[in-house]
1. What is the residue count in the range 1-46 for residues that are under 11 Å from the mean Cα position of the chain (by Cα) and acidic (Asp, Glu)?
2. Among the residues in the range 35-50, are any open to solvent by 50 Å² or more (accessible area, probe 1.4 Å), charged (D, E, K, R) and free of Cβ contacts under 8 Å to residues at least 40 places away in the same chain?
3. Restricting to the range 8-21, name every residue that is open to solvent by 70 Å² or more (accessible area, probe 1.4 Å) and in a helix (DSSP H, G or I).
4. Given the conditions (1) touching a residue at least 40 places away in the same chain (Cβ under 8 Å); (2) part of a helix (DSSP H, G or I), and given that Arg24 satisfies all but one, which numbered condition is not satisfied?
5. Would you call Leu62 out of contact with any Gly (no Cβ under 8 Å at 6 or more places or on another chain) and open to solvent by less than 40 Å² (accessible area, probe 1.4 Å)?
Amino acid sequence: MLIPIRIGIAGFRELREKDLPALRRTVREELKKFRDAYSHTPLEVLTSLAPGAETLCAQEALALGLRLIC
C-alpha cells in the first residue's frame with residue numbers, strides 16, 4: 001500500500017477576474033511539479049471547496065487527475 005501525499009489548499013474567496021488565468025496556470029504548474037517529482041506516490045488535494053482559491057485549485061487538481069478530499 002502506498003502512502004499518499006496530501007496537499008492542503010487555503011486561500012482568498014474573492015479573486016479578481018483578471019488574475020484568474022495566471023492563477024490557474026500557476027496552480028496547474030505547481031501541481032504538475034508535485035505529480036512529476038512523486039510519480040510513484042498518489043497525490044491527494046485536501047480542500048473545503050470554499051468559493052475562490054479553493055475551488056480554483058480543486059478544478060485544476062481534477063483536470064490533472066488528482067484525487068480530492070473534501
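The values are calculated or read from the model by the stated rules, or taken from the named source; none is laboratory data. Owing to the predicted nature of the structure, the values given are computational and were not obtained by experimental measurement. Note that we place each Cβ from the backbone using ideal geometry, even for glycine, and neighbour counts take in every protein chain shown. Note: areas computed on protein heavy atoms with side chains; ligands, DNA, RNA excluded. Shrake-Rupley method; radii C 1.70, N 1.55, O 1.52, S 1.80 Å.
1. Result for the range 1-46: 3.
2. Within the range 35-50 (the criterion being open to solvent by 50 Å² or more (accessible area, probe 1.4 Å), charged (D, E, K, R) and free of Cβ contacts under 8 Å to residues at least 40 places away in the same chain), the answer is yes, since at least one residue qualifies.
3. Glu17, Lys18, Pro21
4. All conditions are met except number (1).
5. Working: out of contact with any Gly (no Cβ under 8 Å at 6 or more places or on another chain): yes; open to solvent by less than 40 Å² (accessible area, probe 1.4 Å): no.
So Leu62 fails the test.
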